[in-house]
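Report on the structure given below.
The values are calculated or read from the model by the stated rules, or taken from the named source; none is laboratory data. Computed from a predicted model, the values in this text were never measured in an experiment. Heads up, the Cβs are rebuilt from the backbone with ideal geometry, glycines too, and the neighbour counts pull from every protein chain shown.
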């Protein structure tokens, strides 16, 4: 693969779902790779269009560029892009070689693909963030067993490599649902800056399958739960069945319940903290994402206490699974006020 083809595919794959004209793509490539020349990009894009690797669609006087997932060859080339990124990273960050090798050895029976998220920025903080796509049909019971297996392995890797590792393991169904979701969620934000270091073809085949069912978009900006705007918090609390007394609810960004819960726990407002079991009881949440965010942002102790109250008041499979993950990390529970939470759950019809 020549450098120009690599840079085109690298830029488009980081921004899946975003619309580029040729001029906009050239500017984006300059930001990503330092240099890019319109004439060279123009010629390369037309050659790639003839090979059916990309689609060039006329919109007014401009041509809009998009990856062509109908192309059989595209998946192999995107996998090659991932492996080239991997080689480049490991040349500069040799300490990651042993981590990747151990992860592949110990997780390959659990995961069809493994992805390092924001690897360069994370390793500077002496941490790693891993996304694993689980084997199997995606049935709940299989996915939970696989996710717990990943948690066990990751704990061992942390000790071996003296590195904080936050991991998220998803079934095929969870991966598909989260990518299609209209809400801001961690998965869509992970994929614009990542390296699929194990079985990248399997990763891109999953993306292609999701793409066939609807438009998929990666988000370039990561949500910081500590900085979610008050308007967005009140708007989403109302969406999840918890309308607060007093504040006017105005339109905000749709943000997943797991991010909102993490934001509330970071904020420390006890009135809202006691609302967490209410919104979890009234919403469909992902236990893996909830536990992942709690560990990443260090609010696991508070969350575990709230989940245990939720389990006593209104047991759910998702709450039980999240508790098991947090318990496996030997989290010290911060006990919640069960009487107060029970009253609040009754008030909001969450029992």
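Here are the numbers:
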| quantity | calculated |
| --- | --- |
| Residue 188 being outside the structural domain of residue 246 (by TED's automatic domain parsing) and either closer than 16 Å to residue 103 by Cα or part of a loop (DSSP other than H, G, I, E, B) (or both) | no |
| Residue count for the range 311-323, restricted to those that are surrounded by fewer than 15 Cβ atoms within 10 Å (Cβ to Cβ) and touching a residue at least 60 places away in the same chain (Cβ under 8 Å) | 1 |
| Test: residue 195 is surrounded by 15 or more Cβ atoms within 10 Å (Cβ to Cβ), closer than 20 Å to residue 182 by Cα, in contact (Cβ under 8 Å) with a residue 40 or more places away in the chain and in contact with a strand residue (DSSP E or B) (Cβ under 8 Å, 6 or more places away or on another chain) | no |
| Test: residue in the range 157-174 that is surrounded by fewer than 17 Cβ atoms within 10 Å (Cβ to Cβ), modelled with pLDDT of 90 or more and in a strand (DSSP E or B) | yes |
| Exclusive hit being touching a helix residue (DSSP H, G or I) at 6+ places or on another chain (Cβ under 8 Å), modelled with pLDDT under 95 and more than 21 Å from residue 346 (Cα to Cα), set 252, 268 | 252 |
| Some residue of the range 221-236 being touching a strand residue (DSSP E or B) at 6+ places or on another chain (Cβ under 8 Å), over 30 Å from residue 309 (Cβ atoms) and modelled with pLDDT of 90 or more | no |
| Residue 58 more than 24 Å from residue 153 (Cβ to Cβ) and without any contact (Cβ under 8 Å) to a residue 24 or more places away in the chain | yes |
| Answer from 79, 36, 116, 103 - the residue that is surrounded by 14 or more Cβ atoms within 10 Å (Cβ to Cβ) and part of a strand (DSSP E or B) | 116 |
| Within the range 101-113, tally of residues that are touching a strand residue (DSSP E or B) at 6+ places or on another chain (Cβ under 8 Å) and more than 12 Å from residue 165 (Cβ to Cβ) | 6 |
| Any hit, the range 207-215, residues being in contact with a strand residue (DSSP E or B) (Cβ under 7 Å, 6 or more places away or on another chain) and either within 14 Å of residue 16 (Cβ to Cβ) or part of a helix (DSSP H, G or I) (or both) | no |
